[in-house]
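These notes are about the structure you will find just below.
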Amino acid sequence: MKVLISGGGTGGHIFPAVAIANALKRRDSDIRILFVGAEGRMEMERVPAAGYEIVGLPVAGFDRKRLWRNFGVLVKLYRSMRRAKKVLCDFNPDVAVGVGGYASGPMLKEAQKNGIPTLIQEQNSYAGVTNKLLAAKADRICVAYDGMERFFPAAHIVKTGNPVRKDITASQLSREDAKRELGFNPNRPLVLVVGGSLGARTINDSMKEAAPALLQSGAAILWQTGKNYAEECQATEKKINDPNLKAVPFVSRMDLAYRAADVVVSRAGASTISEIQLVGAPAILVPSPNVAEDHQRKNAEALSSRDAAVMIFDRDCKEQLRDAVTALLRDKKQRDTLSANVRSMAMENSDERIVDEIMKLINDK
């Protein structure tokens, strides 16, 4: 059997794609899997590092603010469609899976033209443009939130949840032992700050101002800065010079970090929210305003409206983050409530549920 998986652009698309591929391999080690992504984007490094072959398309996203720049985008789209046709002909998949992002558009559209069964996976509570365009002819649409029939044909929707990295829930340590493993004092509450693999300017700037007061209040901070902001944030760490503050570009052991954290401060990407749900972490979400359709705000509201997270708008983060973290650290009852409510929203084994749907499409074919 051959499965083509297309999409990417951000970790929020890549991690679910790799999780689906890994689940396919666990189901049948002889399955051949080919990824298709966008040239120059994160997937061209992350997918081979996970052990899978990937082909790049010269596709680019539309510039919605500077429309005059889109002539070149249209040229790249035309070239991508031609290359997608060749990839489809050469690989001849039994099914094509799209995980969102503009890289999946040409590939899934070409598959649909040629009668290849297609499955799309939508991570967010507000559907992305590419998936909405592909939905009418998709055979299966896997979603993580209720109410997605406002975007997609209801008959083709299956609620599976979002697949996440298996190691997220791997740690069986106590919170105190997880803190020790990460090099922190087990008796201090730990704040885990994550802004995504590239980092989040607003969260990082807010932490520069909030960190001294949080440390003085007795907290410890594990600060994932993202690679784009590592140098300046580590300069702040050096200036503060407190062993209870660690600023790192990337946290490799997120299972330990989640296990150790008393409070998580994060953007509201779909993959991060799915991880928070699975580990039951009390979280303060700061949705990015710089994403299509403002989907991170809608993701965060899906939790905050159920008392499953605290939401702070990006524009208010510098003023409110320090007090919000301090208040949550002082209020164990609220942390327990957030933890229980967010954990109740989790869907386990989402990758296996999606593979079940892929197998049904292959068998039907």
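The values are calculated or read from the model by the stated rules, or taken from the named source; none is laboratory data. Predicted model only: the values in this text are computed from it and were never measured. Quick reminder, even Gly has a Cβ in these numbers, built from the backbone with ideal geometry, and neighbours come from all protein chains shown. Quick note on the areas: whole protein, heavy atoms, side chains included, nothing else; ligands and nucleic acids left out. Shrake-Rupley method; radii C 1.70, N 1.55, O 1.52, S 1.80 Å.
Quick grid of which residues meet (1) part of a loop (DSSP other than H, G, I, E, B); (2) farther than 23 Å from K86 by Cα; (3) not hydrophobic (A, V, I, L, M, F, W, C):
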residue	(1), (2), (3)
G9	yes, no, yes
A17	no, no, no
A21	no, no, no
S29	yes, yes, yes
R46	no, yes, yes
I54	no, no, no
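For the stretch 153-190, the set of residues classified as among the polar types (S, T, N, Q), modelled with pLDDT of 90 or more and surrounded by fewer than 17 Cβ atoms within 10 Å (Cβ to Cβ) consists of S174, N185, N187, listed by residue number. If the condition is being surrounded by fewer than 23 Cβ atoms within 10 Å (Cβ to Cβ), over 16 Å from S350 (Cβ atoms) and among the small types (G, A, S), then the stretch 2-34 contributes G9, G11, S29.
When A136, A103 are checked against the criterion of being open to solvent by less than 10 Å² (accessible area, probe 1.4 Å) and farther than 27 Å from S305 by Cα, A103 stands alone in meeting it.
Only residues that are open to solvent by 30 Å² or more (accessible area, probe 1.4 Å) and part of a helix (DSSP H, G or I): list them for the stretch 347-358, please. Result: E352, R353, D356. What tally of residues in the stretch 224-250 results from selecting those that are surrounded by 15 or more Cβ atoms within 10 Å (Cβ to Cβ), in contact with a helix residue (DSSP H, G or I) (Cβ under 6 Å, 6 or more places away or on another chain) and within 18 Å of P189 (Cα to Cα)? Summing the residues that are surrounded by 15 or more Cβ atoms within 10 Å (Cβ to Cβ), in contact with a helix residue (DSSP H, G or I) (Cβ under 6 Å, 6 or more places away or on another chain) and within 18 Å of P189 (Cα to Cα) in the stretch 224-250 gives 3. For the stretch 334-346, the candidate set comprises residues that are of a type outside the set (S, T, Y) and open to solvent by 40 Å² or more (accessible area, probe 1.4 Å); within that set, the residue that is nearest to S305 (Cα to Cα) is N341.
Which residues, counting only those in the stretch 119-133, are part of a loop (DSSP other than H, G, I, E, B) and open to solvent by 50 Å² or more (accessible area, probe 1.4 Å)?
Passing the criteria: only Y126.
Across the stretch 311-333, the qualifying residues are those that are open to solvent by 40 Å² or more (accessible area, probe 1.4 Å) and outside any helix (DSSP H, G or I), and the one among them that is farthest from S206 (Cα to Cα) is D331.
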